[in-house]
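Please find one structure pasted underneath; my questions will follow.
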Amino acid sequence: MGRFDGRVALVSGAGGGIGSAVADRLADEGATVVRTDLEAPAGGLVCDVTDSSSVTAAVAETLDRHGRLDVLANVAGIGIARCIEDVTLEEWKRVLDVNLTGTFLLSQAAVPALRSSRGAIVNMASVAGLRAAPYNAAYCASKGGVIMLTKSMAIELASAGVRVNAVCPASVDTDFLRNFALPEGADMALLTRGRSPMGRIIEPGEVAAAVAYLASDDAATVSGTTLVIDGAASA
Ligand SMILES: NC(=O)c1ccc[n+]([C@@H]2O[C@H](COP(=O)([O-])OP(=O)(O)OC[C@H]3O[C@@H](n4cnc5c(N)ncnc54)[C@H](O)[C@@H]3O)[C@@H](O)[C@H]2O)c1
């Protein structure tokens, strides 16, 4: 028997490295998973998390197809590495829009259904939301915002039985990390402090396992927390 038997999960950014691992993990544990991304993953839906009508439509389609929603995993996200002087207003807004506003919009659209199911939200924050990284002002600000959004919703929805948590991974082996280009002239000495004493990159499946725990009844009294997955880098 799986922890998510009979439950329905919606995952944003499910075409990406962590999102697909989260969707696979929840499905392996019995959930009916609605995978969403900018381009619909196989059998899934298009959902641009920055577009409120797209978000509303994705939640409505999930409820039409499956009649309920128990788990929302807000995984969609982007990052742009820039020296602070070079961040354009468009880049700043885009990172905040996808990472922070997108998490807010999809959560807001899902809350009525989650109240009915006494469900759970798991947000994809980052260690960058807790411990600043250079050349990542917009990304750090967005993920710090995701953490406070998580905590605020957790308090507000606790009496309704809806739990809201976040995971904060360090470097995970996905395209996001592979395409991460530091600005020219970046001071490498500023970048060493986040290195993991475990000396290895995190696998997407390891993040997915943490998301599944927080979304499951095993975490029935866990809400408003940030689960750091960084191999003791911030210990
Ligand atoms: N990879 C890492 O090192 C790492 C570490 C900490 C946190 N994270 C976070 O994990 C999440 C997933 O990252 P990943 O490593 O799987 O990256 P990824 O690039 O493989 O996947 C990100 C997905 O988000 C989707 N996306 C982008 N903009 C979107 C939008 N407007 N609407 C809907 N979907 C959109 C992309 O299409 C992509 O499929 C992100 O929130 C990221 O900030 C990643």
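Under 5 Å between amide hydrogens, which residues at least 5 positions from Arg3 or on another chain qualify, with H placed 1.01 Å from N in the peptide plane?
none
Another question, then. What number comes out for the charge environment of Cys83, summing +1 per Lys or Arg and -1 per Asp or Glu over other residues with Cβ under 13 Å away?
Net of charged neighbours comes to -4.
What is the local net charge at Leu96, summed over the other residues whose Cβ is closer than 12 Å to its Cβ (Lys, Arg +1; Asp, Glu -1)?
Value of the local net charge: 0.
When the chain is fully extended, how far beyond the present Cα-Cα distance does Leu182 get from Ser116, taking 0.36 nm per residue of separation?
Extra length from Leu182 to Ser116 when fully extended: 19.3 nm.
Right, here's the next one. Please express the Cα-Cα pair-distance distribution P(r) of region 80-169 as a list of whole percents, one per 5 Å bin, running from 0 to the bin with the greatest distance.
3, 15, 24, 21, 15, 11, 7, 4, 2, 0
So which GluC sites (Glu not before Pro) in region 20-124 are both in a DSSP loop and have at most 13 other Cβ atoms within 10 Å of their Cβ?
Loop-located and lightly packed - Glu39.
Can I ask one more? Under unit Cβ charges (Lys, Arg +1; Asp, Glu -1), what dipole magnitude, rounded to 20 debye, does the chain have relative to its Cα centre?
Roughly 620 debye for the chain.
On to the next question. For Asp217 and Asp5, compute 0.36 nm times the residue count separating them, minus their Cα-Cα distance, and round to one decimal in nm.
75.2 nm
Quick one: in region 8-229, what % of C-alpha pairs are over 24 Å apart?
38 percent
Separate question: What does the helix-only formula give at 222 nm for the chain: each DSSP H stretch with n ≥ 4 adding -39500 (n - 2.57), the total divided by the residues, and the result rounded to the nearest 500 deg cm²/dmol?
For the chain, the value works out to -12000 deg cm²/dmol.
Working with all protein chains in place, sort Ile78, Ile84, Ile202 by solvent-accessible area computed with a 1.4 Å probe, largest first.
Ile84, Ile78, Ile202
Need one number: nm distance between label points at Asp173 and Met198, each 7 Å from Cα along Cα→Cβ, rounded to one decimal.
Modelled inter-label distance: 1.2 nm.
Go through region 211-219 residue by residue and turn each phi into a ³J(HN,Hα) via Karplus (6.51, -1.76, 1.60, θ = phi - 60°); whole Hz please, and just put x for glycine and proline.
So the J values, rounded to whole Hz, are 4, 4, 4, 5, 7, 8, 5, 4, 9.
For every other residue with a beta carbon closer than 10 angstrom to the beta carbon of Phe4, add +1 if it is Lys or Arg and -1 if Asp or Glu, then tell me the sum.
-2
What's the Kirkwood radius of region 1-114 in Å, using all Cα pairs?
Hydrodynamic radius (Kirkwood, Cα pairs) of region 1-114 is 14.4 Å.
Determine the gain in length on full extension of the stretch Glu206-Glu39; use 0.36 nm per residue of separation and subtract their C-alpha separation, reporting nm with one decimal.
Length difference between fully extended and current span is 57.6 nm.
What residues qualify as long-range amide H neighbours of Leu72, i.e. H under 5 Å apart, gap of 5 or more or another chain, H built at 1.01 Å from N?
Long-range HN contacts for Leu72: Leu10, Ala120, Ile121, Val122.
Of Ser54, Ser142, which has the most accessible area and how do the rest follow, probe 1.4 Å?
Ser54, Ser142
For region 164-225, would you read off the P(r) tail past 13 Å as a percentage of all alpha carbon pairs?
Within region 164-225, distances greater than 13 Å cover 71 percent of Cα pairs.
Give the separation of the Cα centroids, region 1-76 to region 128-189, in Å.
If we compute the Cα centre of each part, the gap is 20 Å.
Moving on. Leaving out ligands and nucleic acids, and using a 1.4 Å probe, what accessible area per residue does region 8-229 come to in Å²?
Per residue, region 8-229 has 45 Å² of solvent-accessible surface.
Another one. Determine Rg/Rh for region 120-223; Rg is computed over alpha-carbon atoms and Rh is the Kirkwood hydrodynamic estimate from the same atoms.
We get a ratio of 1.03 for region 120-223.
Using θ = phi - 60° and the Karplus relation 6.51 cos²θ - 1.76 cosθ + 1.60, list the HN-Hα couplings for region 198-206 in order, rounded to whole Hz, with x at every Gly or Pro.
Result, ordered by residue: 6, x, 8, 7, 7, 8, x, x, 6 Hz.
The values are calculated or read from the model by the stated rules, or taken from the named source; none is laboratory data. All figures in this text were calculated on a predicted structure; none of them were measured in a lab. All Cβ positions, even for glycine, are placed from backbone atoms using ideal geometry, and neighbour counts span all protein chains on display. Accessible surface areas use protein heavy atoms only, side chains included; no ligands, DNA or RNA. Shrake-Rupley method; radii C 1.70, N 1.55, O 1.52, S 1.80 Å.
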